[in-house]
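See below for the structure under consideration.
Only the coordinates and a few stated rules stand behind these numbers; no lab work does. Bear in mind that the values here come from a model prediction, so they are computed numbers and not experimental data. Cβ sites come from the backbone with ideal geometry, for glycine too, and all protein chains shown count toward neighbours.
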Amino acid sequence: MKDCNCIFCKIANGEIPSTTLYEDEDFRVILDLGPATRGHALLLPKEHYKNLFELDDETASKVLGIAKKVGAKMVKALHADGFNLVQNNGEPAGQTVFHFHMHLIPRYKDDHAGI
Ligand code: 5GP
Ligand code: ZN
């Protein structure tokens, strides 16, 4: 853990308990504390990367593979009608937690989530 004051480092590494949908050696998928829709989740690497541009290529490609695999299971389990992958980099882009994360957002007909 490079940045031990980072909340997502602590969650990803299990130091702070979370509702975990998926975990492997390098990543954890948790439920978002302030969900935009039912089942809104966050994919977190266990290593600290501030944003997308700090990821090495191998980690970046694993992110999409996990998002696809976990996202498909979420859509099926939740009977969602669609799915958004969202990833914010920098404050003007809407990033509020500066540990790279991908939003996995199930969408439902007429959910009016405004994403
Ligand atoms: P960002 O705006 O950086 O793209 O997304 C940060 C997300 O993290 C927000 O959707 C927010 O609700 C979520 N979040 C912030 N703090 C916590 C936390 O302590 N636990 C969980 N599970 N989600 C959090
Ligand atoms: Zn971190």
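Stretch Ala93-His79 to full length: gain in nm at 0.36 nm per residue minus the Cα-Cα span?
Fully extending the segment from Ala93 to His79 adds 2.1 nm.
Based only on Cα atoms, what Rg/Rh ratio does segment 56-115 have, Rh being taken as Kirkwood's radius? Intermediate values should be presented prior to the final figure.
Numbers: Rg = 13.0 Å, Rh = 12.9 Å.
Reported Rg/Rh, Kirkwood definition of Rh: 1.01.
Going Cα to Cα from Lys76, which lysines come in below 19 Å? Please leave out same-chain ones fewer than 8 positions away.
Answer for Lys76, where 19 Å is the Cα cut-off: Lys68, Lys109, listed by chain and number.
Can you compute the charge dipole magnitude of the chain about its Cα centre, using +1 on each Lys and Arg Cβ and -1 on each Asp and Glu Cβ, nothing else charged? Give it in debye, rounded to the nearest 20. List each step's numbers first, then the result.
On the way: 13 positive and 16 negative charges, 86 e Å.
Result for the chain is approximately 420 debye, rounded to the nearest 20.
Tilt of helix 57-78 relative to the longest C-alpha principal axis of the chain, in degrees (0 to 90, nearest 10)?
Helix 57-78 and the main axis of the chain meet at about 30 degrees.
Could you tell me which residue out of Thr59, Leu31, Val97 lies farthest along the dipole of the chain toward its positive end? Charges go on the beta carbon: Lys and Arg +1, Asp and Glu -1, centred on the Cα centre.
Leu31
Taking a cut-off of 16 Å between Cα atoms, list the lysines near Lys46, but don't count ones fewer than 8 places away on the same chain.
In chain and number order, the partners are Lys2, Lys10, Lys62.
So how do Phe100, Phe53, Phe8, Phe83 line up by other beta-carbon neighbours within 10 Å, fewest first?
Phe53, Phe83, Phe8, Phe100
Restricting to DSSP H runs of at least four residues, report the calculated mean residue ellipticity at 222 nm for the chain, -39500 (n - 2.57) per run over all residues, nearest 500 deg cm²/dmol.
Helix contribution divided over all residues of the chain: -8000 deg cm²/dmol.
When the gyration tensor of segment 1-43 is built from Cα positions, what are the square roots of 5 times its three eigenvalues, in whole Å, from largest to smallest? Display every interim value, and only then the final one.
Details: eigenvalues 71, 29, 12 Å².
The equivalent ellipsoid of segment 1-43 has semi-axes of 19, 12, 8 Å.
What Rg and what Dmax come out for the chain when only alpha-carbon atoms are used, in angstroms?
13.6, 42
If I stretch the segment between Lys109 and Asn51 completely, what's the gain in nm (0.36 nm per residue apart, minus their alpha carbon distance), one decimal?
Result for the pair: 17.8 nm of gain on full extension.
Relative contact order of the chain: what whole-number percent is it, with Cα pairs under 8 angstrom and at least 6 residues apart? Could the numbers behind the result be given before it?
On the way: 173 pairs, mean separation 31.5, N = 115.
Result for the chain is 27 percent.
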